[in-house]
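The structure appears right after this line, and notes come after that.
Nothing in this text is a laboratory measurement; each read-out follows from the coordinates by a stated rule. Quick caveat: nothing in here was measured; it's all calculated off a predicted structure. When we count neighbours, we look across all protein chains shown, and the Cβ atoms used for this are built from the backbone with ideal geometry, even at glycine.
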Amino acid sequence: MRIGVYGFGAIGRLASRLILERGHELVGAVDIDERIVGKDVGELLGVGSLGVEVTKDVSELADADVVIHATGSYLDRVFDQIASLVKLGVHVVSTCETLSYPYYRYPVLALRLDELARAFGSVVIGTGINPGYLLDTLVAVLAASVPSVKRVKAVRSLDAAKRREPFRKKIGIGEDPRVVEERIARGEITGHVGYAESVYLIALAGDLNLTKVVEWQGSVPAEADIESSGIRVEKGKNKGIVGYGAGFVGEREVIRVVFEAYVGAPEYEEIEVEGHEYSVKWRSTGTPGDLGTVTVALNVAERVPYMLPGLRLMTDMLPFKIRFVKG
């Protein structure tokens, strides 16, 4: 395939390496960072010259079959970027978290994007490791073996000290916990984005009509001095975040997704599917976030040429529905 990359930061570069490793052709890279514009993509990746330079010109991606888009978390801030790609007639796989289920926060933009994609014959889909896979698509896959599902719960826990510095900054490690929560509330830092999106994707996979979705996240003060992977946090300072999204039918909680990211946290994912006939539980030893994100994105990119044009969701790729207990 001929693949382009929009956003040549850490995720875009990691995606580019995987694109090349899989034998695809990297046809272009777009970014606004003046420090890398005009430089050879291969040289920036450390693989030798590829004859492809980083550019600000989106039209340089017109020859791509699909573009991996990785610039921001909120659809209203990246809508014009994605629209510019769609107007080139290329397919777009974006790591924008709120694009994984945009009908929740941005219903009007979602409809506009769907109409635009259909008009230009493009597939647009938002995905990644979380949301997009671990706390939603994988939940639906595991729940498919349970005849009647009463409730699902998915947890992802990771040691924030092992993640990139930008991630540690967006969860306020080392700051005053109260200041962190105030900054999250003001939108100065994001914490985790996508609790509700994951909840809605699970519900959609089971044709479940939710009556309420609740999101919450907060800081985690260190109870004592702590150090992990060279990152030290003093007692009383923020060591990370915890949060959840919960979906209700009436007053009954049917879906819960939990995200925990703090210095020294255990690394695992755990999914529990409570059924009427029986229940199942699955647990992992943890998934690298960045590499997992670009792997899921590229796996989806290899599939989108076979999908119908329009705004698509990860649930469109599932070969089955899950069945929730009614009432």
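So what is the relative contact order of the chain, in percent, for Cα pairs below 8 Å that sit 6 or more residues apart?
With pairs under 8 Å counted, the relative contact order is 21 percent.
Within the chain, which DSSP H helices have Cα atoms that stretch 15 Å or more along the helix axis and a mean Kyte-Doolittle hydropathy of at least 1.0?
195-205, 289-301
Are there any GluC sites (Glu not before Pro) in region 34-89 that are in a DSSP loop and have at most 13 other Cβ atoms within 10 Å? List them by number.
34
How about region 237-282: which GluC sites (Glu not before Pro) there are in a DSSP loop, with at most 14 other Cβ atoms within 10 Å of their Cβ?
Filter output for region 237-282: 251, 267, 277.
Per residue, what volume in Å³ does the Cα convex hull of region 137-286 take up?
116
Where does the chain land on Rg/Rh, using Cα atoms and the Kirkwood Rh?
Across the chain, the Cα-based Rg/Rh ratio is 0.98.
Residue 237's amide H: which non-local residues (gap 5+, or another chain) put their own amide H closer than 5 Å, with H modeled 1.01 Å from N in plane and none for Pro or chain starts?
Hits under the 5 Å cutoff: 222.
Any idea how far the Cα center of region 257-327 sits from the one of region 167-217, in Å?
Going from one Cα centre to the other spans 17 Å.
Determine the calculated [θ] at 222 nm for the chain from helices alone, applying -39500 (n - 2.57) to every DSSP H run no shorter than 4 residues and normalising by the residue count; nearest 500 deg cm²/dmol.
Value at 222 nm, helices only: -8000 deg cm²/dmol.
Work out which chymotrypsin sites (Phe, Trp or Tyr not before Pro) in the chain are exposed loop sites (DSSP not H, G, I, E or B, at most 12 other Cβ within 10 Å) and give the longest gap free of them.
Within the chain, the longest run free of exposed chymotrypsin sites (Phe, Trp or Tyr not before Pro) spans 1-277.
Using only the Cα atoms of region 217-308, construct the convex hull and provide its projected area averaged over every direction, in square nanometres to one decimal.
10.1
Under 5 Å between amide H atoms, partner at least 5 residues away or on a different chain: which partners does residue 69 have, H built in plane at 1.01 Å?
6, 93, 94, 95
Beyond 16 Å, what share of the Cα-Cα pairs of region 160-246 is found? Please give it as a whole percent.
57
Taking 7 Å along the Cα-to-C-beta vector as the label spot, tell me the residue 80-residue 34 distance in nanometres, rounded to one decimal.
For the pair residue 80/residue 34, the computed spacing is 1.9 nm.
What distance in nm lies between label points placed 7 Å from Cα along the C-beta direction at residue 115 and residue 228?
Simple spin-label model gives 4.7 nm for this pair.
How high is the relative contact order of region 137-286, given as a whole-number percent (alpha carbon pairs under 8 Å, six or more residues apart)?
Worked out over region 137-286, it gives 36 percent.
Give the long-range amide H neighbours of residue 323: residues separated by 5 or more places, or on another chain, with amide H under 5 Å away, using H modelled in the peptide plane at 1.01 Å from N.
149
What's the long-distance tail for region 1-128, i.e. % of Cα pairs beyond 21 Å?
Counting every Cα pair in region 1-128, those more than 21 Å apart make up 35 percent.
Could you go through region 275-288 in sequence order and give the Karplus-derived ³J(HN,Hα) for each residue, using 6.51 cos²θ - 1.76 cosθ + 1.60 with θ = phi - 60°, rounded to whole Hz, and x for Gly and Pro?
Karplus-based 3J(HN,Hα) across region 275-288 equals x, 6, 8, 6, 10, 10, 9, 10, 9, 10, 9, x, 10, x Hz.
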